Each structure stands twice: as C-alpha cells, then as structure tokens.
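Here is the structure we will look at.
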Amino acid sequence: MPELPEVETVVRGLRLSLPGRAIVEVRFGKTDFVDNPVEIAASLPGMRITDVTRLGKFICIVLEAGGARATPSSPLYFIIHLGMTGQLTVIRSAESVAPHTHGFFVLDDGRELRYTDVRRFGRMLVVPEPELAKFTGQLGREPLEISAEEFCRRVGSRRARVKALLLDQSVLRGIGNIYADESLFRARLHPARIAGNLTKKQLLALHRTVRQVLEEAILSRGSSISDYVDSEGNRGNFQLRHRVYQRDGKPCFRCRTKIRRLIVAGRSSHFCPRCQPSPRSPRGSQKSLKPPAAAGTQIKTDKRIE
C-alpha cells in the first residue's frame, strides 16, 4: 500500500501540472471504491483546481468554482486514497487506456487525470469545506510535523506494541508497514516492545528515525515494491535502501545476523534479532509476544481512513 513518501511524491508531481486547470468531464468505469459517484460526476465538471495537498495517505485536490462568471462558493475537496494498487497519472486524452483504469477526469487542456487500480481497494470522495475538519479529525498527527515532545506523549503513554502504534492512523497519519519497520530498525527497537515501557531517550530516537526515514524516502521518490508509480508513471528508488523490510532470512547490513519476521498488530514485521533485541522479563526469559490482556496488540483502525 502506498504510504506517506509515495503519496507525497504523487502529490508533488500533480502539484506541478494540475493547479489552474479546470475539470470539464468525469467518467467512471467501476465505481465500487467511489463514495457517491453520481455526485462526483455532477459536481466536479466546471470546477478549477487550485491546489493539491496530502492528508496522511490521502491525496487532496482542492477545487473552486471556475470561469469569469462563476458564483463564489466554498471550496470542494476531492480526496483520493490509492489503496494497495491505485495509480494517478496525467496523460494526453488521445493516449491508449491502460487496463483497470476506472476514473477519467478530463481537463481543459486536452489531458486527463486517470485513476488505475487493479484491486480497487482505494477510495474517492468529495468533502465540502464545512465537513473537512470532521474528516481530518479522524486522522492522527503528521509525522513530519509533530514535535518530539508531543511524539513522546502520544506514543510513550500507550500500553500497546510500538509497531502497532506507528501503524495506527489515529495516532500518526501516513506511516505503514514499510516505514514502521525501517524506522524501528534504525532506532534499534523491537517491533513488539510496549511503547509505555520505552525510555525518553528511546522515544526521542524513534521520533528522529521516523522523520529521517520518511524524508529520505521522499527524496528517493518512494518505494516501488509492486504497483506504485508516481504521477508520471515512474517507479521510486527507496526500495534499494531497505534494511529490513521483506528481507527475512537475509543478513543484517549492520551485524550480519539473519533478518527475522513475526506478526505484530496483524502485520508482518521484519527486524534484526541482534540489533533489535526482543522484550525480556527481569529474569532474562523472553516475554510472550501475545498482547497484554488489558491493552491488546490489535489496534483497530477504520479501514475507510487507513
């Protein structure tokens, strides 16, 4: 699933080509991933794109009424989640249509914004300005903006596995499996550690490594594991710098110990057992990796906002 660096890369590409353009027509193929496709097809034509931003893993296209005679109105926010295999590209209308292209947004300059999604796990919706705060209120803090102190408060006060908290979109928006694993490796923290048991020094290290990993991945235009491409159809390069993600059985770049995999919060977690020692009891025996009875490992998030 595209995570923060991939979505940010797509947003930056769209921001170079979409603002100032007007949408003249909307067509859909499959619509099972679209919230109210009739409303979207009716409300978007005639609107002018003023900006493209990111809300966690969501792409947000800001629209205002277009044309010299347009009646002033509140902006609309066209919000898109790429799911697992979604792609947004801007191409000439005359170009051939790729398989599994389900959304066509015709622009006033002869190009189209096309949405392609093999598995259709994405989401599209239009949010009026008065409802935007309610939508964003479901999301956690932006990991590239949150202060070290607030990060420590939000993460360090919870009796849940640290990997689960990094994935919880109501705590931090935009982090997924790839960058959680890579950040924990750099911070030398086992993914099953209880966040509330981490020291202030460990929490500060995690805050620092989360930012470092995300910023480096953005510079590398994201990680192309399977289907991800940017708005121009190009693959990212950060997968070449992964240190643990999907490297189970391969030697650690730091100590040569074999990378291992276990399930935390229902997701595969990759780690180095030497660089990221497992949580242990005072007597030195390894603790069970089952979640504590009171708190639980499985942090449930609304699939619609993940």
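Each reported figure results from applying straightforward, stated rules to the coordinates on display, with no laboratory input. Everything numeric here is computed off the predicted structure, so don't read it as measured data. In this analysis, Cβ positions are derived from the backbone assuming ideal geometry, glycine residues included, and neighbour counts consider all displayed protein chains.
Miscellaneous remarks
- Label corresponding to mean projected area of the Cα convex hull in nm² when calculated from the structure given, among (i) 14.6; (ii) 18.5; (iii) 17.0: (iii)
- Calculated P(r) tail over 29 Å for region 148-299, as whole % of Cα pairs: 15
- Dipole magnitude for the chain: about 2420 debye, using +1 per Lys or Arg Cβ and -1 per Asp or Glu Cβ, origin at the Cα centre.
- A DSSP coil position with no more than 14 other Cβ atoms inside 10 Å describes the following trypsin sites (Lys or Arg not before Pro) in region 56-162: Arg69, Arg119, Arg159.
- Size of charge dipole - region 4-136 - debye, nearest 20, with Cβ of Lys, Arg +1 and Asp, Glu -1, no other charges: 200
- Summary value for the chain: 17 percent relative contact order, contacts being C-alpha pairs under 8 angstrom separated by 6+ residues.
- Once you reduce region 88-122 and region 4-22 to the center of their Cα atoms, the two points are 14 Å from each other.
- Cα long-axis angle, helix 177-186 against the chain (0 to 90 degrees, to the nearest 10): 40
- Here's the picture: charge each Lys and Arg Cβ at +1 and each Asp and Glu Cβ at -1 in the chain, and of Gln138, Gln276, Ala65 the one pushed furthest to the positive end of that dipole is Gln276.
- Annotation for region 138-245: GluC sites (Glu not before Pro) lying in DSSP loop with at most 11 further Cβ atoms inside 10 Å of their Cβ are Glu145.
- Pairs of Lys residues in the chain that lie 8 or more places apart, or on two chains, and have C-alpha atoms under 19 angstrom apart add up to 13.
- A simple count of charges around Pro19, restricted to other residues whose Cβ falls under 15 Å of its Cβ and scoring Lys, Arg +1 and Asp, Glu -1, yields +2.
- Proxy reagent accessibility, fewest Cβ within 10 Å first, across Ile91, Ile23: Ile91, Ile23
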